[in-house]
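Beneath this line is the structure, given in structure tokens, with notes to follow.
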Amino acid sequence: MRQVVLLFACVIFIFCGNKKKIVSDEYDCKVVSMPTDELKQQYTNFIMDCDFCKNQFADFTKIKNGILFYKWTEGTGNSDFLLIDLDKNFDASIKSKSYNKLINFTLADQKRLQFIFEALEKGDYYQNCLDNHGHSTLYLLIVKRDDEIKIQYYSPFTFPYKIKNSDVNFDLTQKIFEIIDRSFYR
């Protein structure tokens, strides 16, 4: 499985080298804009091997306004999803094959998420870093507003905090990650 992931990442890295570079920093990370369908194909190819994952994506298609956060870490054999239904008063839960945990966002985080949610513009981002931290961790963030995907963010290697940026929409996307990360481990 690791060889497939690494081969997949190398192909994406080569392919994305010609894309518009949005941000970079001293960790030699970059985020590129990608056409929506190309980006979706990248992460759906990885997830299609997992029935549990397919079910979580199917559940997310039923949400009109919400956020899907997916995390997979090499070596754990576990896929974690955080689904947030904004239409149901921030109804949120973290799910894996072995557990389902309800998440309660603080009022401050709910307000921040709602503000960011309303301010987001359409964007499809792929992140790649040359920094090798030992284990691959895949991250996916999808934001839907009015049943339309506003943000797709996919990183097959590292968390988006390593990116310094100048793109306002990407900055808002990072703030969603920050709020979710804080709530994920409560």
For T73 and N169, FRET efficiency with R0 = 25 Å and r from the beta-carbon atoms, rounded to 0.05?
0.40
In nm, to one decimal, how far is the K40 label point from the D87 one, both placed 7 Å along Cα→Cβ?
1.8
For L102 and D146 in the same chain, what is the full-extension length gain: residue separation times 0.36 nm, less their Cα-Cα distance, in nm?
13.5 nm
Subset of K64/K97; K40/K101; K122/K175; K62/K95; K30/K175 violating a 20 Å alpha-carbon distance limit
K64/K97; K40/K101
Taking the Cα-to-Cβ direction at M48 and at Q114 and moving 7 Å from each Cα, how far apart do the two end points lie in nm?
4.0
What chymotrypsin sites (Phe, Trp or Tyr not before Pro) in segment 21-126 are in a loop by DSSP, with at most 15 other Cβ atoms within 10 Å of the Cβ?
Y27, Y99
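Quick note: the coordinates plus some simple rules give every number you see, no bench work behind them. Just so we're clear, the structure is a prediction, and the values are computed from it rather than from any experiment. Positions of Cβ are backbone-derived with ideal geometry, glycine not excepted, and every protein chain shown enters the neighbour counts.
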